[in-house]
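Note sheet for the following structure.
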Amino acid sequence: MAAWPATLPKPTPSYGIDPVDQTVRTEMEGGAPRVRRRTTARNDHVSVVWVMSDAQLTIFRAWFDDASQAAGGASWFTINLAIGTTGLVSTTARFVKIYKVSHLNMLNWTVSADLEIR
């Protein structure tokens, strides 16, 4: 499994965790709706932002596109994230959709992405 490159920065400290609903709700013609658990798997979504230099953005793009690494967002990889356990922990993640890049200033870029973690 691929790993987040050590030469790239950690995500900014403020990011959100969106738990995925693990239940299915069926509305009934009469009476209370039926609710059942769909899965016990916990694939929460995390919205992260990195601040990168030009050189780091080049490394990130190459890593993201590399078939043996992130494979364009299709492959799982390990990254250190704070997910409400005990500080930064090694977490398995993959991209939910393509990342976004914004020009921050003359020297830096912000890269934002939604990750699925398990």
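Every number here is computed from the coordinates shown, using simple stated rules; none is lab data. Please read all numbers here as calculations on a predicted model, not as lab measurements. Using ideal geometry, Cβ is built from the backbone for each residue, glycine included, and neighbour counts are taken over all protein chains shown.
Details
- Mean Cα-pair separation over length for the chain, i.e. relative contact order, pairs under 8 Å, 6 or more apart, %: 29 percent
- Whole-Hz Karplus values for the range 99-108 come out as 6, 10, 10, 10, 6, 8, 7, 4, 10, 9 Hz, taken residue by residue from phi with 6.51 cos²θ - 1.76 cosθ + 1.60 and θ = phi - 60°; glycine and proline positions read x.
- Cα Rg, Dmax (largest Cα-Cα span) when computed across the chain, Å: 17.5, 62
- Of the trypsin sites (Lys or Arg not before Pro) found in the range 41-106, those in coil by DSSP whose Cβ has at most 16 other Cβ atoms within 10 Å are ARG42, LYS97.
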